[in-house]
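Chemist: Take a look at this one; I'll ask things after.
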Amino acid sequence: MEEEINKVVKSVYQSDPSVTGVMVVDESGLCLDNNNVPEEAAGLFASVAARSEMALLLGANQNTESSPVVQIEADSMVIIIKRVYGYTMGIVKDKTKAAGT
């Protein structure tokens, strides 16, 4: 499993030069892989992903098979959080290195 996670993390970095950090978190909020993101963010990422899934249940869309993508923007960075197959991935991007800018 660790090898598969490493491949995914590597592909994220290779596909987007604005990526400055990637974290993979399990269902318990335990950090499985961390590249340039403070480990303390693991629980936060897991919580945001879980709460966003709960929000779907409150809305008209009752499809629980799909996990929403949460994007948090600040002046210089963007954090993207999504749960996939029970794992939460957090991707940090530098807005100044974004493609096309």
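Chemist: Which value, in Å², gives the accessible area per residue of the chain when a 1.4 Å probe is used on the protein heavy atoms?
Modeler: In whole numbers, the chain has 65 Å² accessible per residue.
Chemist: Heavy-atom accessible area of residue 76 with all protein chains present, probe 1.4 Å, nearest 10 Å²?
Modeler: Result for residue 76: roughly 70 Å² accessible.
Chemist: Placing +1 at every Lys and Arg Cβ and -1 at every Asp and Glu Cβ, with all other atoms neutral, what dipole size does the chain have around its Cα centre, in debye to the nearest 20?
Modeler: Result for the chain is approximately 340 debye, rounded to the nearest 20.
Chemist: Of 78, 11, 43, which is farthest along the charge dipole of the chain in the positive direction, counting Lys and Arg as +1 and Asp and Glu as -1 at C-beta?
Modeler: 78
Chemist: Given the protein chains as shown and a 1.4 Å probe, how many square angstrom of residue 54 are accessible, to the nearest 10?
Modeler: The accessible area of residue 54 comes to roughly 110 Å².
Chemist: To continue, here is another question. Give the aspartates and glutamates whose C-alpha is closer than 18 Å to that of residue 97, dropping any in the same chain fewer than 8 places away, or say none.
Modeler: Answer for residue 97, where 18 Å is the Cα cut-off: 16, 73, 75, listed by chain and number.
Chemist: Over the chain, calculate the relative contact order: mean separation of alpha carbon pairs under 8 Å at least 6 apart, over the residue count, as a percent.
Modeler: 29 percent
Chemist: For the chain, what percent of Cα pairs sit more than 16 Å apart?
Modeler: The proportion of pairs with Cα distances above 16 Å equals 57 percent.
Chemist: At a 1.4 Å probe, what is the % contribution of carbon and sulfur to the accessible area of the range 1-94?
Modeler: Carbon plus sulfur share of accessible area: 54 percent.
The values are calculated or read from the model by the stated rules, or taken from the named source; none is laboratory data. Note that the coordinates shown come from a computational prediction; the quantities given were computed from them, not determined experimentally. No Cβ is skipped: glycine too gets one built from the backbone with ideal geometry, and neighbour counts run over all protein chains shown. Side chains included, ligands, DNA and RNA excluded: accessible areas come from the protein's heavy atoms. Shrake-Rupley method; radii C 1.70, N 1.55, O 1.52, S 1.80 Å.
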